[in-house]
1. Would you mind stating whether Tyr110 is closer than 25 Å to Gly145 by Cβ and open to solvent by 10 Å² or more (accessible area, probe 1.4 Å)?
2. Please determine, by comparing only the residues of segment 281-319 that are surrounded by 18 or more Cβ atoms within 10 Å (Cβ to Cβ) and aromatic (Phe, Trp, Tyr), which one is nearest to Pro344 (Cα to Cα).
3. Among the residues of segment 82-116, count how many are out of contact with any strand residue (DSSP E or B) (no Cβ under 7 Å at 6 or more places or on another chain), small (Gly, Ala, Ser) and touching a residue at least 24 places away in the same chain (Cβ under 8 Å).
4. Mind listing whichever residues of segment 146-161 are surrounded by 17 or more Cβ atoms within 10 Å (Cβ to Cβ) and in a helix (DSSP H, G or I)?
5. Just wondering, is there one or more residues in segment 126-148 that are charged (D, E, K, R) and closer than 30 Å to Ile295 by Cβ?
6. Please pick out the residue among Tyr3, Tyr57 that is open to solvent by less than 70 Å² (accessible area, probe 1.4 Å) and either modelled with pLDDT under 95 or not small (Gly, Ala, Ser) (or both).
7. Starting from residues that are part of a loop (DSSP other than H, G, I, E, B) and touching a helix residue (DSSP H, G or I) at 6+ places or on another chain (Cβ under 8 Å), keep the ones in segment 193-209 and report whichever is surrounded by the fewest Cβ atoms within 10 Å (Cβ to Cβ).
8. Answer yes if at least one residue in segment 15-29 is open to solvent by less than 30 Å² (accessible area, probe 1.4 Å) and of a type in the set (Val, Ile, Thr), and no otherwise.
Amino acid sequence: MIYRDFQDIRLSGLGFGAMRLPVIDGDDANIDEEQTFNMVDRAMASGINYYDTAWGYHDGNSEIVMGKALAGYPRDKFYIATKFPGYDLSNMPRVKEIFEKQLEKTGMEYFDFYLFHNVCEMNIEQYLDPKYGIYDYLMEQKKNGRIRHLGFSCHGEYETMKRFLDAYGKDMEFCQIQLNYLDWKFQDAKAKVDLLNEWNIPVWVMEPLRGGKLAKLDDQSESELKSLRPDEDIAAWAFRFLQSIESVTMVLSGMSDMEQLKTNIKTYEEDKPLTAGEMEALMKVTDRLMSKKSIPCTACHYCVSHCPMGLDIPYFISLYNEHLLTVQDGGMAFIAPMALAAIPEEKRPVSCLHCHSCEHVCPQSIKISDMMSDFVEKIG
Ligand code: SF4
Ligand code: SF4
């Protein structure tokens with residue numbers, strides 16, 4: 001396992017993300033504990049010492065299951081991170097209650113890493129508003145040792161991140177952003193990395209594979225990359241890209257099954273940053289991906305609980321993307337119509353009320369309501 005220095009500790013370069021754990025019967029809230037425990041055991045045995053969970057992951061159950069999975073290990077052998085769920089504005093006045101509950105849920109006496117979750121346009125005013133006392137409360141927990149390192153995650157625009165840093169940057173020890181070779185250009189992640197470098201704040205990475213999309217590319221891109229590194233699998237390119245960025249300290253990958261975990265561990269046995277030529281080739285792949293114009297949903301599920309119709313938004317977006325790509329590539333687009341036909345009418349895109357409630361919490365700023373209309377128009 002590759003390690004990175006962070007202050008006076010050593011962190012594994014790869015962190016165990018607990019946002020997409022294996023589940024039973026496709027129910028996101030029903031985590032497969034046995035599989036998860038086996039995966040955590042494997043991760044610990046392989047040297048992964050960073051475990052990232054959050055209040056909202058798996059409908060609130062990720063913190064509980066990760067607490068159980070780590071309970072058998074000495075407390076100084078792992079670092080656990082969780083977050084204040086400010087992506088839901090109703091949580092803003094509840095920082096003390098939520099923090100105490102998180103300690104209880106995980107069974108921890110302190111958190112090694114704690115983040116303001118998902119700083120973005122929707123919540124920046126509240127995060128900065130002293131009336132909620134979030135910053136003061138978290139700083140107090142840091143002083144009393146119940147938070148060892150304080151940071152933030154950000155899905156917002158550059159200007160929003162800058163506002164947050166101007167207010168609290170002097171106390172932020174790390175920042176988690178969505179970073180991968182597609183977002184380097186697509187979401188201008190490069191500018192955010194440069195900004196964090198100005199503040200000397202190390203970068204934590206989420207969505208290195210963009211919700212799994214960078215694990216499989218089109219045939220042309222795959223053969224171009226294979227010709228440069230025949231022994232490297234396609235997903236590994238996403239990690240090698242991140243190993244080429246100096247300030248990247250932690251890369252979190254949402255672990256969904258043992259095979260994926262093993263593949264990621266293998267990639268992190270070695271530091272193999274890209275050469276200038278390889279980087280150039282990868283940026284060409286990025287340009288090609290961007291030209292496909294698929295909707296950049298990461299399947300985080302934040303939107304789902306905000307939909308009054310209970311629509312499975314990320315599922316529809318994945319079907320929509322699949323449909324568009326198939327049509328663009330000249331294929332027979334039958335998968336999406338077939339999948340929709342299997343869903344009751346009141347749960348299909350046609351039932352969207354266009355209330356935009358989902359869009360207020362989408363970290364990717366996806367125009368979900370427009371997508372629903374277009375989907376209905378395209379498929380009927
Ligand atoms: S816009 Fe449509 S998908 Fe979004 S919350 Fe409203 S009903 Fe649900
Ligand atoms: S539409 Fe946005 S909020 Fe919903 S799952 Fe996709 S990225 Fe997450």
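The values are calculated or read from the model by the stated rules, or taken from the named source; none is laboratory data. Computed from a predicted model, the values in this text were never measured in an experiment. Note: ideal-geometry Cβ built from the backbone for every residue, glycine included; neighbour counts use all protein chains shown. To get the accessible areas, we keep the full protein, side chains included, count just its heavy atoms, and leave off ligands, DNA and RNA. Shrake-Rupley method; radii C 1.70, N 1.55, O 1.52, S 1.80 Å.
1. Against the criterion (closer than 25 Å to Gly145 by Cβ and open to solvent by 10 Å² or more (accessible area, probe 1.4 Å)), Tyr110 qualifies.
2. Phe316
3. 1
4. Selection gives Thr160, Met161.
5. no
6. None of the others qualify; the one that does is Tyr57.
7. Quick first cut of segment 193-209, residues part of a loop (DSSP other than H, G, I, E, B) only: 199-202, 207-209.
Subsequent filtering for residues that are touching a helix residue (DSSP H, G or I) at 6+ places or on another chain (Cβ under 8 Å) retains 199, 201-202, 207-209.
Working: Trp199: 15, Ile201: 19, Pro202: 21, Glu207: 31, Pro208: 24, Leu209: 21.
Once the filter is applied, the top-ranked residue is Trp199.
8. Checked segment 15-29: no residue is open to solvent by less than 30 Å² (accessible area, probe 1.4 Å) and of a type in the set (Val, Ile, Thr).
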